[in-house]
Amino acid sequence: MKKSTYRASTDVALIKYWGKRDEKLRLPENNSISMILDGLETVTTVEFRNDLAQDRVRIAGEARAVEAQRVTRQLDRIREIAGVAWYAQVESVNSFPKGTGLSSSGSGFAALTCAAADALDLNLTERELSILARQASGTACRCVCGGFVEWHAGDSSGTSYAETIFPADHWAIHDVVAVVDEGMKRVSSTEGHQTAQSSPFYTTRQAHIGDKIATMKRAIAARDFTSFGELVEAEALEFHTILLTSQPPLIAWYPGTVEVMLAVQQMRQDNIEAYFTINTGFNVHVLTLPHYVAAVAERLQKLSLVQKTLQASIGGKPQKTDAHLF
Ligand code: DP6
């Protein structure tokens, strides 16, 4: 049967998805905006076979039951659309550490969804792929698109999808990722979403999130890096205020995370314009313009708690490749 391999980039959320109005369908409480990251990617090969008694899933060379179950649930959705019962062999590798706050489930489930749909010749539109990917991981619905992306929260499965709002060549933003630890985070985003509404500040966040989305779009349209960066950083701190004040509190930061945040503020004092954002992990995205990348990377690499840096630029949608993993 046909084998298909896709390479998908992850993204970094500029205005974050936090809290679900429908857990099962993964309908978010609010719209979110992200930027696709060329350089942080997952490659996944899928082959449906009639000689397997169950799905055979290996991620980064390992067959871990919890991850495999989530992959099987997504394959089930795709098998249902195609009307087939074949099990699949799936191999997946990441170019960056998974489970550390760098949204590996976004690129992972985008690559899986595209490869599995293609292996079954489903011919889905980008919107259909986004709706399908969303059900496996919210972030993944944005990662089937390219450039700057908005996920429309919607109020049903068919209206909750992402689309490109500005293409990748609109603005050359770079991301220097400070890796302070490569071990897995203690609390997954999926678990964290469940307690979002318990923060007393969640309703305040939701009351002004529409304004934030509109302001972010204006900053990107105008390529106004200072407005963009100040909003990205303020949003990251607001998001972590929600985490810190949820029940139970979610403290995602490690000492190295705080060291990077302070260093980024110092960079701006020294006229190196850069801004940080952090998801539910401890590794830090530092967004900057092309001419500051070298200086930002050098400053970050000198910090005592930074193990290494990774670099990404704004990227496009998932690409099909013949470089199969098996
Ligand atoms: C903080 O997409 O990982 O990174 O839908 O349960 O898979 P699930 O959650 P996930 O949540 C991401 C949360 C975030 C913000 C964002 O990427 O918008």
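The values are calculated or read from the model by the stated rules, or taken from the named source; none is laboratory data. All figures in this text were calculated on a predicted structure; none of them were measured in a lab. Virtual Cβ from ideal backbone geometry, glycine too; neighbours counted across all protein chains shown. Accessible surface areas use protein heavy atoms only, side chains included; no ligands, DNA or RNA. Shrake-Rupley method; radii C 1.70, N 1.55, O 1.52, S 1.80 Å.
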- Query: Given the protein chains as shown and a 1.4 Å probe, how many square angstrom of Arg79 are accessible, to the nearest 10?
  - Reply: 10 Å²
- Message: Please state the shape class of region 190-326: rounded when a/c is under 1.5, otherwise prolate if a/b exceeds b/c and oblate if not, all from the C-alpha gyration tensor.
- Response: rounded
- In region 186-236, what chymotrypsin sites (Phe, Trp or Tyr not before Pro) fall in a loop by DSSP, with at most 14 other Cβ atoms inside 10 Å? Phe201
- Can you send over the solvent-accessible area of Ile220, 1.4 Å probe, protein chains only, in Å² to the nearest 10? 0 Å²
- Note on the structure: Note to self, the chain gives a 222 nm [θ] from helices alone (DSSP H runs n ≥ 4, -39500 (n - 2.57) apiece, / all residues, nearest 500) of -11500 deg cm²/dmol
- Query: So how do 277-287, 27-37, 260-270 stack up, highest first, on mean other-Cβ count within 10 Å?
  - Reply: 277-287, 27-37, 260-270
- Task: Give me the percent of the accessible area of the chain that comes from carbon and sulfur atoms, probe 1.4 Å, all protein chains in place.
- Result: 50 percent
- By the mean-Cβ-within-10 Å protection proxy, highest first, 44-50, 11-17 rank as 11-17, 44-50
- Note on the structure: Filtered hits (lysines, Cα-Cα < 21 Å from Lys212, offset >= 8 within chain) -> Lys16, Lys20
- Item | Anchor Lys317: aspartates and glutamates whose Cα lies under 18 Å away (excluding residues fewer than 8 positions away in-chain) | Asp11, Asp38, Glu41, Asp118, Glu126, Glu128, Glu150, Glu163, Asp169, Asp175
- For region 2-170, what is the accessible area per residue in Å² when the probe is 1.4 Å? 36 Å²
- What FRET efficiency would be calculated for the residue pair Ala63, Leu244, taking the C-beta separation as r and a Förster radius of 35 Å, to the nearest 0.05? 0.45
- Message: Highest mean first, how do 155-165, 102-112 rank when packing is the count of other Cβ atoms within 10 Å averaged over residues?
- Response: 102-112, 155-165
